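Written below as structure tokens is the structure these notes are about.
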Amino acid sequence: MSITYRTPARNVPAVRDVSLEIPAGRITAIVGGSGGGKSSLIYGILRLLPPRTELSGSIFYDGTDLVSTDEEWMREFRWKRAALITQGAMNSLTPVLTVGYQISEVLQVRLGLSRREAEKRTLELLAMTNLTQIHARKFPHELSGGEKQRAVISMAVSCFPGLLIADEPTSALDMITQAEVVTTLVGMVRDQGMGLLLVTHDLPLANSVCDDLAVMYEGRIVETGTPSKILRSPSHEHTRKLLSAFSFKGGARP
Amino acid sequence: MKVPRWSFITFFLILAIAVIGPMSLSKGPQETVAKPFAPPVWSGGDAPPPFSGNLSPNSKEMNIEWDWDAPENLTLRGQLTFDHDVVARLVWTTPEGSKYTLSSFHGSGVWSIDLDARDMTFKTVLGIPPFASATSLLFPSRGLHALSLEGPSPSEGSLELVLPGGRWGLLGTDQRGRDVLSLFIVGIRVSLLVGISATFIASLLGLSIGLASGYLGGVADSLIMRIVDVLLSIPILPILMVLVGIWGKGLWQLVLILGLFSWMGTARTVRSLALSLRESCYVENLRSIGAGSWYILYRHLLPEAMPIVLAAVSLGVPGAILAEAGLSFLGLSDPRIISWGRMLHEAHGFGAFTAGAWWLIIPPGLGISIICLVFLDMGRSIEEMADPRLRGGGQG
Amino acid sequence: MWSYWSRRALGAVAVLLLVIAANFFLFRVMPGDAVSTIVDPRFSPEAKERLRELFGLDLPLYRQFLIYVRRMLTFDLGISFLSQRPVWEELKSRIPNTVALLGSALFLSSALGIWLGVKAARRRGGLTEKLVLVSGSVSFSFPSFFVQLVLLLFFAYTFPVFPLRGSVSIPLPEGAFARALDYLWHLLLPVGSLVLLGFGSWAIYVRNLMVKTLGEDFILLARARGLPEGRILWNHAFRSALPPVLTIFLLALPGIVSGAVITETVFSLHGVGKYLLDSIMGHDYPAAGAAFYILGLLTIVSNLAADAAYALADPRIRVGRRAQR
């Protein structure tokens, strides 16, 4: 698939001829530096690209080509089949609605649950990420970063989608919270047998949790394979750069 | 070379009209020129347009095709010089062929003629009672009327016949029969004068208060900002009304009052600018090399604030113009000073509605709106010059 | 929570005191003799003496001010020079008219403006957006009385479907229903003109805020959740944009009250604003001061109402853990 952003001045290709398979029930990670087209790729999968963006090629989900479906079908598809956990949980929840309301809203609107059922189910979902009723009644700004990201994970699994897409789920969090969130996320995915597409620039993180790894650079997938293989013998320049950057742990890239 | 924004061009056009316009008027704007509520000439309708024609030694007869009811009035003015002893008469012929002698001359010399159909002497000459209408005698029906000078030709001079008609000028007349176009042109000055000078006062106040507040900080700052908050949360128009009612309706009182009550916005903007500049490295550095407060304020903060103030002036002028027009519309202005707001006040108060006189309402109203739009656009373009980030897009 | 409310209440009290003080000093200190602005020169000597005592005109200024504040707060607003009746009696019947005019105009123009603004933000570049941008600049630069005069000329003279002046017909029609209808008939054009003048600026503000909000991450995520577009627009985007909308509402309030004076004058309505103008024109100082005070009170009360709405709309204030801004 390819994604091109059209600006008045010129067309900017963000994703170029990417071909990638995400097996069901496995954790696939895409790593790469900033501006490599990772986010464009996943928003392309959900067809949530900004207007005047050209999406070409095909995306197959269970045999259906998402590129050629209509908007109504996509709306039905989102969240029930593939849910999203966004970058920077700070701003991914509507600030004026309580966390509990937002989860139960999804349950009511998407699954047709009654209000009472939805509220009960919300608490169960929150409990899966170690959150309680107290958290449900709070507004997003009253939760800590880790709590918020866990609430987002609860919301993401609310319709039991076959695929979870996580876009930098931990980048805005401190190290301890990062570990906590990742553990919750991976545990949830393994328990429910969902597929997970983890997008990150954090190579060690990807390495520690994923089954398959893909490296993306300037809109192309430059390397795929198991994490151990790629880490042992990186074949592409960019992978080596990413690796060396992390070997200094916090140091700047050369 | 870029073409200047339309608003700048329009502004200079308006300025030119405001300066040159009143001088080019042949009559004072307060003078009665036609009957009250005469519609504009081009507006059509049942009323006759004004008519004027000349009698001279070369053309001693004049035909008047009159297809309307009798006019309000008829005037005949001028001078005729007869070299010889003559007997000459001014004769009016109606469509039916009746003849009336309006005036006659015996002897030689210069004759001044000043006839008005409403005058008693005129009616006496015609032999009708004082309360009868001379024009309905002279215009008994529609058709071709004629005015002629019978007898020998004068050697020089001319006579002008004027029938005021029911329509007048480009913009008609008001309730006192004044020419609306003249009033409109004269009215520009008040709008501009009040708008610009009131905003100038307000901006100076806003600039100094804002700079002081932002630069001093602390208690002074929060006190000033509270005052601004409070002033912004009470309706200003009633205050202005009360002040004008007590202080008097003069133009300069109005300017002062408007200026005193519209500095808050500028003060707020300038203050936030001063605050951010005060904390900037640049000013820190100046201070560390020993620059004094006044020096920094005068040489650095003030120039930085200038474009903002200029934009604030331009954006503030519409507010002042609207306030002036509003107060004048409410009748709280000097009745001797012609302004657009005053014109609307008189239109509203003196029966423009029962006369359906739209020409009393549209010109001053549109004038105010256009001046406001011009200043708004100038303000925006000054803002864009000062802050390039605003360029393009414009919205969003 | 408490800090928010106490700050707001304190602000309201400050404004109230300022209005009263302005009233007190404007009418008392300004033109020459203090007595002449309170006591009608035509009153009998006994009446003058009584009023002098009532107002405490022989006491020091600060005592006079205290008496004045107390009188204002109890709506003891003095005697009108023109009608020789208590001002409050005259004002009482006018307040509902002004409230009805401003309230309905405000409600309708904000509802229309919000609806159009949201629609414009959803479809950038569409017809609605163009309409919103044009009507916004119209309402910023066209004098209200001009637009109202034109409307009056058109709908009361050219096509006489609405009355030329007044709040009710004279004589009053029989029956409560007919009277209500008559009142509405007289109110329709003034309210309509205010809506026409007002909705544009609402629509522009709402559009700008909504365009900004619709670009936020949480809207993208709401979309990813497969929520219907209308729900995203109103329940998520608009509710998030509501607090700043209310802030603008607060800032616009004084101007709206000022507009009452103009509107009531154009349409000769029986309201507080018209009373203020008539009193000023007739040098009826107690009446003018009282009308000014009532207009100030109206502003303060609606200010507090908007504050309450703001607190309801923004959870950051409702729970009050963090201060706004």
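So the values come out like this:
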item	result
Cα gyration tensor shape of chain B, rounded if a/c is under 1.5, else prolate or oblate by comparing a/b with b/c	prolate
Solvent-accessible surface ranking, highest first, for A:Trp79, C:Trp88, B:Trp294 at 1.4 angstrom	B:Trp294, C:Trp88, A:Trp79
Area buried, chain C against chain B - accessible surface, total, 1.4 angstrom probe, square angstrom	3700 Å²
Relative contact order of segment A:2-245, defined on C-alpha pairs under 8 angstrom at six or more residues apart (%)	30 percent
Occluded residues from segment C:185-224, i.e. those whose accessible area drops by 50 Å² or more once the chain is not alone (1.4 Å probe)	C:Asp217, C:Phe218, C:Leu220, C:Leu221, C:Ala224
Probe 1.4 Å - accessible area at A:Asp167, Å² to nearest ten	0 Å²
Interface residues, segment A:91-110 - accessible area loss of 40 Å² or more versus chain alone, probe 1.4 Å	A:Asn91, A:Ser92, A:Thr94, A:Pro95, A:Val96, A:Leu97, A:Glu105, A:Val109
Mean-position separation - Cα centroids, segment B:318-386 and segment C:148-213, in angstrom	22 Å
Given chain B, longest segment not containing exposed loop GluC sites (Glu not before Pro) (DSSP; at most 14 other Cβ within 10 Å)	B:97-278
Accessible carbon and sulfur surface of segment B:224-317 relative to its total accessible area, %, 1.4 Å	66 percent
Rel. contact order, % - alpha carbon contacts under 8 angstrom, at least six apart, chain B	20 percent
Carbon plus sulfur fraction of accessible area for segment A:2-245, probe 1.4 Å, in percent	50 percent
Selected from B:Trp358, B:Trp111, B:Trp42 as most flexible by GNM, with chain B as the system and alpha-carbon contacts under 10 Å	B:Trp111
Segment C:95-284 - percent of accessible surface contributed by carbon and sulfur, probe 1.4 Å	72 percent
Order of exposure, largest accessible area first, which applies to B:Asp229, B:Asp116, B:Asp85 with probe 1.4 Å	B:Asp85, B:Asp229, B:Asp116
For segment A:2-245, accessible area per residue (1.4 Å probe, heavy atoms of protein chains only), Å²	43 Å²
Per-residue SASA entry for A:Ser235, accessible area with 1.4 Å probe, Å² rounded to 10	80 Å²
Residue mean of other protein chain beta carbons inside 10 Å, C:269-281	3
Whole-Hz ³J(HN,Hα) from phi, Karplus 6.51 cos²θ - 1.76 cosθ + 1.60, for segment C:211-220, glycine and proline x	4, 5, 5, 5, x, 6, 4, 5, 6, 4
Accessible area in the full protein assembly, largest first, 1.4 Å probe, for B:Val33, C:Val301	C:Val301, B:Val33
Whether segment A:26-111 is rounded, prolate or oblate, judged on the alpha carbon gyration tensor where a/c under 1.5 counts as rounded	oblate
Mean Cβ count within 10 Å, highest first, over the residues of peptides A:118-129, C:64-75	A:118-129, C:64-75
Residue-level accessible surface for A:Lys229, protein heavy atoms, 1.4 Å, Å²	90 Å²
Shielding of C:145-154 by partner chains, average beta-carbon count, 10 Å	6
Within a Gaussian network of chain C (alpha carbon springs, distance under 10 Å), most fluctuating of C:Glu216, C:Glu174, C:Glu229	C:Glu174
Kyte-Doolittle mean at least 0.0 and Cα axial length at least 15 Å: DSSP H helices in chain B	B:6-24, B:180-216, B:218-232, B:236-247, B:264-278, B:302-329, B:362-386
Accessible area in square angstrom per residue, chain C, 1.4 angstrom probe	46 Å²
Interface A:C - total buried accessible surface [probe 1.4 Å, Å², rounded to 100]	2500 Å²
CD proxy at 222 nm, helix term only [per DSSP H run n ≥ 4: -39500 (n - 2.57); per residue of chain C; nearest 500]	-24000 deg cm²/dmol
Heavy-atom accessible area per residue - chain B, 1.4 Å, Å²	46 Å²
Within a Gaussian network of chain A (alpha carbon springs, distance under 10 Å), most fluctuating of A:Ile45, A:Ile27, A:Ile176	A:Ile176
Degrees between helix A:99-111 axis and first principal axis of chain A (Cα, 0 to 90, nearest 10)	90 degrees
Amide H partners (placed H, <5 Å) of A:Ile30, local residues excluded	A:Leu198, A:Val199, A:Thr200, A:Ala214
Gyration tensor verdict on chain C (Cα atoms; rounded if a/c is under 1.5, prolate if a/b is larger than b/c, oblate otherwise)	oblate
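The values are calculated or read from the model by the stated rules, or taken from the named source; none is laboratory data. Computed from a predicted model, the values in this text were never measured in an experiment. Note: ideal-geometry Cβ built from the backbone for every residue, glycine included; neighbour counts use all protein chains shown. Only protein heavy atoms, including side chains, enter the accessible area calculation; ligands, DNA and RNA are left aside. Shrake-Rupley method; radii C 1.70, N 1.55, O 1.52, S 1.80 Å.
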